[in-house]
Each structure stands twice: as structure tokens, then as C-alpha cells.
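Working notes, structure below.
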Amino acid sequence: MELQERLNEVRSHIAAAERQAGKATGSVQLVAVSKTFDADQIRPAISAGQRVFGENRVQESQGKWPELKAETPDIELHLIGPLQSNKAAEAVALFDVIETIDREKIARTIADEMKRQGKTLRLYVQVNTGLEPQKAGIAPDDTADFVDFCRKELGLSVEGLMCIPPADENPGPHFALLAKLAKQAGVEKLSMGMSSDYETAVAFGATSVRVGSAIFGAR
Ligand SMILES: *Cc1c(COP(=O)(O)O)cnc(C)c1O
């Protein structure tokens, strides 16, 4: 199957999930996750009208996105992987949205860097819903306080929460928990759902889904 067909298939599955959840068609944003694929493999998705992309490494993104963004200025690029402080300047310069704010230090560094560059990024707080030791993200119980801190102390525009449920568990309860935490924290957006579970995520209230392999093929 061609990339364009796979993209259309994902789009129609999202539309069906939106209908089933009583949501307006097109209300769930598709973040096409292009990590490991190079500029030539990404261009067909851009030609097919896709404008929102996700990457998990700053350095890899610097090798392809400046060029792709110059070709198509209305692209919106999301950082969905862990961020180190020493990459913060590059991340702020290249990305439009960072979905992985998960600790005070990186929140401060991003706030400082945005001031320095005169650029405002939209931000998500990553929540470790499964409390997995190897996974990034703030603990569920600390989420509301951390969002408050980011907003009030640092003046950051936190618009949503993001999670990656444990690979070996039913994702539904994790999506439900993220939705509950978002209500408590007073944020509107929910970034949840990947190739294997994005329709379930829409049913649980996802406002954006991050889909890679179902669009670009196996990595
Ligand atoms: C790679 C990745 C995805 C996409 O995963 P697929 O299973 O290929 O759809 C989504 N979110 C994050 C954080 C990722 O790193």
C-alpha cells in the first residue's frame, strides 16, 4: 500500500471514531509521527495535505525539518520524545509544540529559552500514567500541582496532557485517567493514542492522536 492510502485509511478510522464518540468530524488532530523517516519519505504525506507532524529526537529533526518547513511554511511540528536541557535552545527554535514537559528543571529551561528567542510554544505535560520507572512523565498525583506551577510561576501556556500507556496493558484505563487528570488540572487537550490504539483513545476523549507506523510503515 502507498503512504497516501495508509494516511487516508487512518483518517477514515479517526472520522469513524469521532462519529461514534459524538464528536465533530475533523475535531481530533492527527499528529503524523515521522521519526526514523527521512525528508523524501515525509514529502508524500505533506503532498497529501498532512500538516501536523511529530518527532521524538531533536537532533534527528534538525536534519530534515528546517528544509521541509521552508518548503511548506504552515507545518506544525510537535516534539513527542524526552527533552534534555542541553537541547532546549534547538528544540524551541525548531518545534511549535512540546508535548513532553515533565519536570521543574526542563519547564524552567524552556521558559527561559522562549523568552530569549521571543517565541511562544504550546506545551503539554507528559504524565507517566503507569508509573513505569523507565518512562518519562510526571506522576498522576503530582499533575495538577505541576500544571499550576508551570502556569503561575513560569507563565507557560500548558494546553494539554500527554501519555504513553504501558505497552503490555489495556490502554483504556490509562486514557480515562489522563482525561480525569486534565479536568482536575484545568487543561483542555489530550494527546493520547498511537497506531495500535488511536480509535480507543478517541473514544476516551483524545483531542489529538500520534500515529506513526500505520502511516509511514514499520520502523
Ligand atoms: C513513536 C511514537 C508514536 C507513534 O507510534 P506508532 O506505534 O508508530 O504509531 C507515538 N508517540 C510517541 C511518544 C512515540 O515515540
Of residues in region 49-68 being away from the ligand (no atom under 16 Å from the Cβ) and surrounded by fewer than 17 Cβ atoms within 10 Å (Cβ to Cβ), the one nearest to the chain's Cα centre (by Cα):
ARG51
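Scan GLY137, GLY130 and give me the residue that is touching a residue at least 40 places away in the same chain (Cβ under 8 Å) and either under 30 Å from GLY49 (Cβ atoms) or not β-branched (Val, Ile, Thr) (or both). Even if it seems obvious, please write down each step before you answer.
Values: GLY137 fails: touching a residue at least 40 places away in the same chain (Cβ under 8 Å).
Every option except GLY130 fails the conditions.
Hey, can you tell me all the residues within region 185-205 that are more than 11 Å from the chain's Cα centre (by Cα) and among the aliphatic types (A, V, I, L, M)?
As a first pass, look at region 185-205 and keep what is more than 11 Å from the chain's Cα centre (by Cα): 185-188, 195-205.
ALA185, VAL187, ALA201, VAL202, ALA203 - these are the residues of region 185-205 that are more than 11 Å from the chain's Cα centre (by Cα) and among the aliphatic types (A, V, I, L, M).
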Select from region 107-132 the residues that are aliphatic (A, V, I, L, M) and away from the ligand (no atom under 16 Å from the Cβ) and list them in ascending order.
ALA107, ILE110, ALA111, MET114, LEU121, LEU131
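Can you give me the number of residues within region 36-57 that are touching an Asp or Glu at 6+ places or on another chain (Cβ under 9 Å) and in a strand (DSSP E or B)? Steps first, answer last, please.
As a first pass, look at region 36-57 and keep what is touching an Asp or Glu at 6+ places or on another chain (Cβ under 9 Å): 36, 39, 43-44, 46, 51-54.
If we keep only those that are in a strand (DSSP E or B) too, we end up with 52-54.
Residues that pass the stated criteria total 3.
Quick note: the coordinates plus some simple rules give every number you see, no bench work behind them. Please read these numbers as outputs of a predicted model, since none were measured by experiment. Using ideal geometry, Cβ is built from the backbone for each residue, glycine included, and neighbour counts are taken over all protein chains shown.
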